[in-house]
Amino acid sequence: MSKRTWQPKKVKRLRKHGFLKRMSSPGGKNVIKARRKKGRKRLSVTTGTK
């Protein structure tokens, strides 16, 4: 049997899609802003997951 394609890594996921990464660019700030406006429970990967 071969391995499954998705081998989750928390740190890699956070570094790519986390709150700090989003806030580091103007586009990412817009993403957070849009999600706040829409009333999302989770703004990014880091928030609300533990």
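Values quoted throughout were computed directly from the atomic coordinates according to the rules given, and no laboratory measurement underlies them. Please read all numbers here as calculations on a predicted model, not as lab measurements. When we count neighbours, we look across all protein chains shown, and the Cβ atoms used for this are built from the backbone with ideal geometry, even at glycine.
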Residue pairs meeting the criteria (Cβ under 9 Å; at least 6 apart or on separate chains; first under 24 Å from R35 (Cα atoms) and without any contact (Cβ under 8 Å) to a residue 12 or more places away in the chain, in segment 5-19; second among the basic types (K, R) and surrounded by 10 or more Cβ atoms within 10 Å (Cβ to Cβ)): R15/K21
The chain, subset more than 14 Å from the chain's Cα centre (by Cα) and polar (S, T, N, Q), residue surrounded by the most Cβ atoms within 10 Å (Cβ to Cβ): Q7
Subset of segment 1-28 [small (G, A, S) and under 10 Å from T46 (Cα atoms)]: G18
